[in-house]
Amino acid sequence: MKTKKDKEKIIKDLTEKFKSAKGFLILNLLNLNTQTQNKLKNLLKEKNSLFQVAKKTLVYKANPDFPFKDEELKFPFGFIWDFEENFPSLSVLKKLKEEGINLEILKGYLWNKIFSQKEIEEIINLPSKEELLTKLIHNLKGQIDKFNFSLSFPLRKLILVLSKIKK
């Protein structure tokens, strides 16, 4: 059982995280085993993100303007805090999903907007920045090649006609 002093420390810590974090995800802990939690913590630590479990009452005391209602958080939950604008925790969740570890995200607060579970899943499934840049470069190169062919085609046609006339 936590003492009042311990709870005050937790509330202070949560208040600081709500102020300093760029966003957070709320994760359902109901079917999450300890081994998976530890793996998640370690992967998030590498990406300058943080996993934390907190009680609802302490969360509401730390942030009275908490964007999620009590009935939305029926299950035990934990926070995944992101302190960077590009939200590196999303890549960690994508990696875990590829490994077959499916975590249930309840809600998210990213880019100063509330996201539902479905929207978070869609964001996680987006290709990485590198993949998108590669596709963009490939498409641009293809367009340049088509344009080059379009410009050179009349000249090639003329050369073909002149060579036929010469024969």
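The values are calculated or read from the model by the stated rules, or taken from the named source; none is laboratory data. What you see is a predicted model; the values in this text were computed from it and never measured. Cβ sites come from the backbone with ideal geometry, for glycine too, and all protein chains shown count toward neighbours.
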Single match in ILE137, ILE159, ILE80 (criterion: at pLDDT below 90 and either farther than 17 Å from LEU27 by Cβ or of a type in the set (A, V, I, L, M) (or both)): ILE159
Unique residue being at pLDDT 90 or above and either within 21 Å of the chain's Cα centre (by Cα) or in the same structural domain as ILE105 (by TED's automatic domain parsing) (or both) when the list is LYS69, LYS17, LYS56: LYS17
Search result, residues across the stretch 6-21 that are surrounded by fewer than 16 Cβ atoms within 10 Å (Cβ to Cβ) and of a type outside the set (S, T, N, Q): ASP6, LYS7, GLU8, LYS9, LYS12, ASP13, GLU16, LYS19
Output for the stretch 46-93, where each listed residue is aliphatic (A, V, I, L, M) and either within 28 Å of THR3 (Cα to Cα) or out of contact with any helix residue (DSSP H, G or I) (no Cβ under 9 Å at 6 or more places or on another chain) (or both): LEU50, VAL53, ALA54, LEU58, VAL59, ALA62, LEU73, ILE80
Selection from the stretch 27-77 of residues that are under 15 Å from SER89 (Cα atoms) and aromatic (Phe, Trp, Tyr): PHE51
Tabulated pairs, the stretch 43-56, first crowded, with 17+ Cβ neighbours inside 10 Å, second among the polar types (S, T, N, Q), C-beta under 8 angstrom, 6+ apart or interchain: LEU44/SER89; LYS47/SER89; LYS47/SER91; SER49/SER89; PHE51/GLN37
Matching entry among ILE144, ILE80, ILE137, ILE124 (being within 30 Å of LYS12 (Cα to Cα) and among the β-branched types (Val, Ile, Thr)): ILE80
Residues of the stretch 20-36 classified as within 18 Å of GLU104 (Cα to Cα) and either under 18 Å from the mean Cα position of the chain (by Cα) or in a loop (DSSP other than H, G, I, E, B) (or both), total: 11
Residue count, the stretch 55-102 (criterion: touching a strand residue (DSSP E or B) at 6+ places or on another chain (Cβ under 6 Å) and within 21 Å of THR34 (Cα to Cα)): 7
